[in-house]
Amino acid sequence: MNVLSLFDGISCGQLALHKLGVNYKYFASEISIDAMTVTQHHFPDTIQLGDIRNYHNFNLPKIDLLIGGSPCQGFSFAGKELNFKDERSKLFFEFVECVAFFKPTYFMLENVIMRSAYSDIITKYLGVEPVCINSALVSAQNRNRLYWANFPISQPNDKSILFTDKINGIPGRMVGRRIVDGKRKDLNKSIPYRQYIECRSDNKSNCVTTVLKDIVVTNTFIERELIENCEYRYAAAHELEWLQTIPENYTAVIKKSKRVDAIGNAWTVDVITHILSHLPL
C-alpha cells in the first residue's frame with residue numbers, strides 16, 4: 001500500500017498503520033524539523049517530500065491512501081476563528097487539490113470541531129459528510145474531532161480509560177478570566193486579568209494542545225480557584241503522550257518544549273487506528 005500523509009507531523013498515521021500490521025510505503029509532507037526528527041528516528045524508511053504547496057513536483061506512484069490533518073488554528077473555537085482567511089487554514093485547499101491530483105483510492109481528513117458554516121464548506125469540497133469522534137472513547141482525554149473519509153467510519157467502542165489509570169492526580173486546566181460577582185467579564189479590559197485552576201469531574205483530561213496550561217494536575221478537586229491559592233503541576237511530556245495514545249517517550253529525541261508542540265499537534269493514535277481498520281487492508 002502506498003500512503004501519502006499531508007501535514008504528517010510525527011507520523012501518527014504511520015503508528016496506526018504499524019499497529020494494524022499493514023505492509024506499506026509511506027510518503028510524508030511535513031516542514032517541521034522537530035516533527036521530521038521524531039518520524040525519521042522511528043521510521044527511517046519514511047520518504048520526506050517537504051512542503052505540501054509543492055505537491056505538483058512530488059514524483060509518486062499510485063497512491064492508495066491519502067491522509068492528513070490540515071492546520072486547525074483558523075477554525076478552532078479556541079482561536080480567533082478567522083476560518084479560511086487564516087493562511088494556515090487555507091492549506092485545506094491543498095489537501096483538496098492533492099485528492100484531485102493524486103486520485104487516491106481512499107482519503108481521510110481530520111480537523112477540529114468548528115462552526116457548521118465552515119465544516120459545510122469542507123464537506124462540499126470533499127463530497128463526504130464528517131464523522132465526529134471523541135478521543136475519550138479510546139483514551140483518558142476529551143478531544144472531539146471531525147473526520148471526513150470516502151469510506152465508512154464507525155464509532156470506536158468505549159475502553160473506559162480514566163485519567164487516574166496512569167496519572168496520580170486530578171485533571172484540570174489553567175484559565176485566564178476577568179470575573180466580577182461570579183460572572184465572566186473577559187472583554188472588559190479595565191478589570192484585572194486573573195488566572196484560575198479549574199478541575200474536571202469526569203476523570204478525563206481536557207484536549208491535549210500545544211499549551212502546557214491546558215492540562216494541569218492537582219491533588220484535590222478544585223472547582224475554580226485563583227492559581228496563587230492552588231497546588232498544581234503541568235502534565236509531563238510522557239503523560240501527554242499517554243493521553244494521545246502515543247508510545248511512551250516516542251518524542252524524547254527532541255527538546256522538552258518541542259515535545260509539547262509535537263504531541264499537541266498530533267493525532268490520537270488509537271482513534272486513527274480504529275478509523276483505518278475499516279479499510280480493506
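What follows is calculated from the coordinates using simple rules that are stated; it is not laboratory data. Note that this is a predicted model, so its numbers are computed, not measured. Cβ sites come from the backbone with ideal geometry, for glycine too, and all protein chains shown count toward neighbours.
For the reader, a short list of remarks on this structure follows.
- Expressed to the nearest 5 percent, the antiparallel share of DSSP beta bridges inside the chain is 60 percent.
- Sites excluded, GluC sites (Glu not before Pro) in DSSP loops with at most 13 other C-beta within 10 Å, longest stretch of the chain: 88-222
- Added length on full extension, which subtracts the Cα-Cα distance from 0.36 nm per residue, GLN48 to TYR193: 47.8 nm
- Contour minus Cα-Cα distance for LYS103 and ASP165 (0.36 nm per residue): 18.0 nm
- Only the Cβ atoms of Lys and Arg (+1) and of Asp and Glu (-1) were treated as charged; on that basis the dipole of region 168-234 about its Cα centre amounts to roughly 300 debye.
- Set against the 2.2 N^0.38 Å expectation for a compact globular protein, the chain has a Cα radius of gyration ratio of 1.04.
- Paramagnetic label zone (point 7 Å from Cα along Cα-to-C-beta, LEU20; backbone N under 16 Å) in region 143-164: 147-157
- Only lysines eight or more places from LYS204 in sequence, or on another chain, were considered; those with a Cα closer than 23 Å are LYS159, LYS166, LYS213.
- The distance between label points at VAL131 and VAL180 comes to 4.9 nm (points 7 Å beyond Cα on the Cα→Cβ vector).
- Only Lys, Arg, Asp and Glu carry charge here, each on its Cβ (+1 for the first two, -1 for the last two); on that basis the chain has a dipole of about 620 debye about its Cα centre.
- Given 13 as the ceiling on other Cβ atoms within 10 Å, longest exposed-site-free region of the chain for chymotrypsin sites (Phe, Trp or Tyr not before Pro) in DSSP loops: 78-192
- In a fully extended conformation the segment linking PHE221 and ASP64 would gain 51.7 nm over its present Cα-Cα distance, using 0.36 nm per residue.
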